[in-house]
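Single-structure report; data block below.
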């Protein structure tokens, strides 16, 4: 759970209209609210083109400021440059604790890295096709498909089976390595510490990617760990370390 300080973070939400879908805006802003307050919300694109019509319908509703950027040359994305320049201007005001970059474009990889160099957090939002370098450059990366699935009014999707989860060697290695890194002498690890360690290794890790709302549900479902609940604390231990 986010602490009070994190929830009070001032965030700048910058959206690349050319590489994001308007349909994701409701769950996206709800997700942003988990990390702080969206003090600035701007979206960049050439608003003279019909392609951005779906975005125009939601801007007023969510108080998102559109920034006009004409396409000076075919094949060149002037929108990226405008968004990067604005981000740097906002960064050096010193008013923001973090930035939410909404795009599936790898052109923002260096921007994310530069913001983090200043000690600010970067939350990325994009589709699963987003190039890995941009994902890795963020502190946390959330996939649009996950947000849309969460917001769906259809029956909730069923999480992957234990067999499927155990067959994912990357997931198994990620969980076991993290558990080993944060465990005590008896092999027990706090679930919160486990989650933090994984986030530092894999910005796009999210239990929802596997069909589970919480990390605790995923850990139970995979069936490789002992789970102990003490008051509000959840402890886990690699099942291979049973006495």
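The values are calculated or read from the model by the stated rules, or taken from the named source; none is laboratory data. In this text the structure is predicted, and so the values were computed from the model without any measurement. We place every Cβ from the backbone using ideal geometry, glycine too, and count neighbours over all the protein chains shown.
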Q.
Tell me whether region 75-88 contains one or more residues that are buried (at least 21 other Cβ atoms within 10 Å of the Cβ), modelled with pLDDT under 90, outside any loop (DSSP other than H, G, I, E, B) and in the same structural domain as residue 38 (by TED's automatic domain parsing).
A. yes
Q) Which condition does residue 121 not pass, out of (1) in contact (Cβ under 8 Å) with a residue 40 or more places away in the chain; (2) in contact with a helix residue (DSSP H, G or I) (Cβ under 7 Å, 6 or more places away or on another chain); (3) outside the structural domain of residue 213 (by TED's automatic domain parsing), if it passes all the others? A) (2)
Q: Please verify whether region 169-184 includes one or more residues that are touching a strand residue (DSSP E or B) at 6+ places or on another chain (Cβ under 6 Å), closer than 27 Å to residue 21 by Cα and not assigned by TED's automatic domain parsing to the domain that holds residue 16.
A: no
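Anything in region 114-143 that is in a helix (DSSP H, G or I), surrounded by 18 or more Cβ atoms within 10 Å (Cβ to Cβ) and either at pLDDT below 95 or in contact with a strand residue (DSSP E or B) (Cβ under 6 Å, 6 or more places away or on another chain) (or both)? List them, or say none.
Our first condition is that a residue be in a helix (DSSP H, G or I); within region 114-143, this holds for 114-117, 132-137.
Pick out the ones that are also surrounded by 18 or more Cβ atoms within 10 Å (Cβ to Cβ) and you get 115, 134-135, 137.
Scanning region 114-143 gives 115, 135.
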Q. So is residue 207 over 19 Å from residue 236 (Cα atoms) and either surrounded by 14 or more Cβ atoms within 10 Å (Cβ to Cβ) or assigned by TED's automatic domain parsing to the domain that holds residue 100 (or both) or not?
A. no
Q. Restricting region 162-209 to residues that are assigned to a loop (DSSP other than H, G, I, E, B) and in contact (Cβ under 8 Å) with a residue 60 or more places away in the chain, which is farthest from residue 123 (Cα to Cα)?
A. 206
Q) Within region 166-191, how many residues turn out to be under 21 Å from the mean Cα position of the chain (by Cα) and surrounded by 15 or more Cβ atoms within 10 Å (Cβ to Cβ)? A) 5
Q. Which of the following residues is out of contact with any strand residue (DSSP E or B) (no Cβ under 7 Å at 6 or more places or on another chain) and surrounded by 13 or more Cβ atoms within 10 Å (Cβ to Cβ): 218, 194?
A. 218
Q) Do we find a residue being touching a strand residue (DSSP E or B) at 6+ places or on another chain (Cβ under 8 Å), more than 30 Å from residue 124 (Cβ to Cβ) and in a helix (DSSP H, G or I) anywhere in region 227-239? A) yes
